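The block underneath contains the structure these notes are about, expressed in structure tokens.
The values are calculated or read from the model by the stated rules, or taken from the named source; none is laboratory data. What you are looking at is a predicted structure, and each value in this text was computed from that prediction instead of being measured. Quick reminder, even Gly has a Cβ in these numbers, built from the backbone with ideal geometry, and neighbours come from all protein chains shown. To get the accessible areas, we keep the full protein, side chains included, count just its heavy atoms, and leave off ligands, DNA and RNA. Shrake-Rupley method; radii C 1.70, N 1.55, O 1.52, S 1.80 Å.
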Amino acid sequence: MPEFNCDLHFHGPYSTGVSKNMLIPIIAEQSKLKGLHVCGMADMLQGTWFKHLKENIVEKENGVFVDKKEQVYFIPQVEIQCNRRLHHLVFLPDFASAENLKKSLEGKAVFDSWGCGRPVIRLSPEEIAGKVKDVGGIIGPAHAFTPYFSVYAHFDSIQKAYGSMGKEISFLELGLSADTVTADKIPENRQYQFLTNSDSHSPWPYRIGREFTQIEMKEPSFKELKKALEKIEMKEPSFKELKKALEKKEDKKLKLNVGLDPREGKYHLSACNSCYLKFSFEDAKKLNWRCPQCRGAIKRGVKDRIEMLSDGKNEHPDFRPKYIHTVPLAEIIQLALDVKGINTKSVQSMWRDFIERFGTEINILVDASEEELKEVNPKVGQKIVSFRKGFVYYIPGGGGNYGKPVICDSKEEFEKTKKQLELEEKEKNSFNGQKNLTEF
Ligand SMILES: [Zn+2]
Ligand SMILES: [Zn+2]
């Protein structure tokens, strides 16, 4: 059965903070260069965007959608905010079910104004899940761990958040600040399928597809996606129960999660949201979540939130696919050439040289051999290989500030850099003469 690289969460230009270039023909063209096969349709409940989708996407066969040049497939998708300030990721069978969902939510939200691509619905998570189910769709928490609009920001349990609809939830989206290792620390999550999506607001390949999930499907349709995300039925979320359930389950359909290292996420560590000073969980608590440097608010990081809910075990269910950490190619080129911007001419022209040779970014980052890579450019080739070998130190993100990878060229250089940067981080994040962050 074919496997598809799927990035199933985007936003259109009628959501706030989204690039004007976020249009289907550009998304399709750039996604193809990235190496994606399936994209989400984004913001389906927003009227102007819905019209744009209908003009630019065609139904190739029953439930299979493509752009007009047939560059990538699309699956109907929208993100919704509920009255508890949670973001939910919704997948739908087709255009008609999106219209039906919108109708059923009439009077509960503003849909069509500019900035309403992600509508704020005055209903509970349970009620919204019910409406989605009624039109044949599926729903799960988006970026489940981030400190503002996520299920774990406001609830201790996904089941509880969705009330009587909790049993219907089969998947969660990890978000940029979490990966499989961190998410599975919470016992309840071991029954869910994990999706990795970019949540991109811009169509360029250093944003789009920076996270994606490889899924086995007969064809890239909602029906097949739903099958792939099917819930593992268990009496209780224990490892024993899971093993039992899996003996009954057909082969696993999710093949691979690909995404940023959680340390790159902008809410990885607890940190001040105005001066970005980072804090250990213990220190943040002692300081009553107030920054001693600027009096700003300390935002609880994903790492600390997960630790709070963890059972201390490092267990993964058998169906959990491998998770590969990645960095967008343009970012690697920028590091290799040692230039300032990711949009500079030298980075962009080098990016094109590599794409011309290997076809897609995913081929370059994952598949191409060291020799071939170095033929195009020795410095960039070396950085890609070093990244694959794990010679990367991450300056962790926090408080809304992205983390940053530092890719070293050898194990020795990596050990040296790590020591030095850890020390620098401790210095930078000390307050009242006290050094915090004993551990990253
Ligand atoms: Zn969101
Ligand atoms: Zn501060």
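Which pairs, out of LYS103/LYS167; LYS34/LYS54; LYS167/LYS389; LYS231/LYS322; LYS253/LYS418, put more than 29 Å between their alpha-carbon atoms?
In this structure, LYS167/LYS389; LYS253/LYS418 exceed 29 Å between Cα atoms.
List the lysines whose Cα sits under 20 Å from the Cα of LYS108, skipping any in the same chain fewer than 8 residues away.
LYS131, LYS133
Have a look at GLY130, SER104, VAL120 and report the one farthest towards the positive end of the charge dipole of the range 77-146, computed about the Cα centre with Cβ charges (Lys/Arg +1, Asp/Glu -1).
Of the candidates, VAL120 comes out farthest on the positive side.
How much accessible area per residue does the chain have, in Å², with a 1.4 Å probe?
Computed with neighbouring chains in place, this is 43 Å² per residue.
Looking only at Cβ-Cβ distances, which cysteines of the chain have no other cysteine closer than 4.7 Å?
CYS6, CYS39, CYS82, CYS116, CYS408
For LYS340, go through the lysines and keep the ones whose alpha-carbon is under 21 Å away, minus same-chain ones fewer than eight residues off.
LYS266, LYS379, LYS383, LYS404
Ranked from highest to lowest mean number of other Cβ atoms within 10 Å per residue, what is the order of the peptides 26-35, 45-54?
Top to bottom by mean Cβ count within 10 Å: 26-35, 45-54.
When ranked by the protection proxy of mean other Cβ atoms within 10 Å per residue, highest first, what sequence do the peptides 274-286, 344-356 form?
274-286, 344-356
Ignoring ligands, DNA and RNA, what percent of the 1.4 Å accessible area of the range 288-440 is carbon and sulfur?
47 percent
Using 0.36 nm times the number of residues separating ASN314 and SER349, minus their current alpha carbon distance, what extension gain do you get?
My answer for the length gained is 8.3 nm.
Among 72-83, 409-420, what's the highest-first ranking by average C-beta atoms within 10 angstrom per residue?
72-83, 409-420
If each DSSP helix of 4+ residues adds -39,500 (n - 2.57) and the sum is divided by the residues in the chain, what number results at 222 nm, nearest 500 deg cm²/dmol?
Only helices count here, giving -9000 deg cm²/dmol.
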